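The values are calculated or read from the model by the stated rules, or taken from the named source; none is laboratory data. As the structure is a prediction and not an experimental result, all values here were calculated from the model. Backbone-built Cβ (ideal geometry, glycine too); neighbour counts: all protein chains shown.
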Amino acid sequence: MRRIYLGSTEPRVGKTVIASALAHLAGDGAAFQATAPHGNSAEPDDIRLFPAEPADDASQRFHTNVDAARSALSSAESEASFSIIDGTGLDGGGVDAAVAEALDAELFLILWYDEHSMGEGDVSGIRAAAEQFGDRLSCIIINAVPELRMHYVETTLLLAIMDAGLPAAIALKQDRTLSAPTMREIVEHLEADVVAYPEGLDVLVPRVMVGALALDGGIYYYGQADEKIVLTRWDRPDLQMPAMATGCQGLILTGGQGPIPYVQNRVDELRIPVAVVPGGTIATATRLSDGALGGRGQMHPDKLAVMASCLESTSLAQELLAVSA
């Protein structure tokens, strides 16, 4: 039985979707998730382990500490060819290194691509991250590489990693859906009030379009993206109506008031969520672009199919699954 632990030096680098996609592609892989009960623990003994997709029958689930996890893992792995454990990224990687050691697992290090620290063939940051994982480290995955930097990464950075004597490394290209937050994450970030259809907040948001930023007609402007939410003033039905006519998944209205009755009728027909913020459109757009969300939306079921498709259609799938076989 091969046991692989996906570690990182920070949270939210794509470990969960990569683990789930690999298990999905392999067909008989088992995926698990390590987590800290309070979200910020940096003590390995506090980590809990549970299946990434718990069984409907509560008696088939386990949520146990690392010491008890060995036997629970062995039982759960009995019908799988390998297991993948999604790590925590806590304490700069220290927790993941300790948990991988405790579970006797080999370790894949997931790093989010950063131009400042990885540009120009610089591998010093990668080496520093890799060293703390010791001999258990068998693979480095550079995630979310911008499309225009893939050539550099594949022809320069990966070779520099190899020349530095580090484990084999591969790169995954950035994808808008994989990086997307949900509308719920955006609403929570803006501390907005939801005034309509909160049940739709868990939709992925690949794009946020801002009203009144173009001279083009509304249908043409908003029609450039099928999947989006729209940010505009509450008193601009001339922008809200064409937005909803072109595949809008939700509205964020600025100025502190909800939609006018005419717009509300259309919202009721589409059953899309509407959130209200007190500030102006420019100030709200600035809050969304200030890097707080970081282009790293949380795990979402729709991301699994995208990641599996990305892996399956490239040579990266063979490389990853060969290491995992």
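Quick notes on this one:
- Residues that are part of a helix (DSSP H, G or I) and surrounded by 13 or more Cβ atoms within 10 Å (Cβ to Cβ), drawn from the range 111-120: Ser117, Met118, Gly119
- Counted residues, the range 196-225 - those being part of a loop (DSSP other than H, G, I, E, B), under 25 Å from Asp175 (Cα atoms) and touching a helix residue (DSSP H, G or I) at 6+ places or on another chain (Cβ under 6 Å): 6
- In the range 156-187, the residues that are within 13 Å of the chain's Cα centre (by Cα) and closer than 30 Å to Val277 by Cα: Asp175, Arg176, Thr177, Leu178, Ser179, Ala180, Pro181, Thr182, Glu185
- Output for the range 127-155, where each listed residue is outside any helix (DSSP H, G or I) and under 22 Å from the mean Cα position of the chain (by Cα): Cys139, Ile140, Ile141, Ile142, Asn143, Ala144, Val145, Pro146
- Pro181 being closer than 30 Å to Ile141 by Cα, of a type outside the set (Lys, Arg) and surrounded by 19 or more Cβ atoms within 10 Å (Cβ to Cβ): yes
- Some residue of the range 287-295 being at pLDDT 90 or above and exposed (fewer than 13 other Cβ atoms within 10 Å of the Cβ): no
- Condition check for Asp104: charged (D, E, K, R), touching a residue at least 40 places away in the same chain (Cβ under 8 Å) and part of a helix (DSSP H, G or I): no
- Residue count for the range 177-195 satisfying the condition of being closer than 15 Å to Arg287 by Cα, assigned to a helix (DSSP H, G or I) and not aliphatic (A, V, I, L, M): 3.
- Restricting Ala164, Ala160, Ala196 to those that are surrounded by fewer than 15 Cβ atoms within 10 Å (Cβ to Cβ), more than 25 Å from Ala19 (Cα to Cα) and of a type in the set (A, V, I, L, M, F, W, C) reduces the list to Ala164.
- Residue identified as of a type outside the set (Ser, Thr, Tyr) and either at pLDDT below 85 or not assigned by TED's automatic domain parsing to the domain that holds Lys303 (or both) among Gly14, Gly7, Gly27: Gly27
- The condition (being at positive phi and either assigned by TED's automatic domain parsing to the domain that holds Val145 or outside any helix (DSSP H, G or I) (or both)) is satisfied by just one residue among Gly279, Gly256: Gly256.
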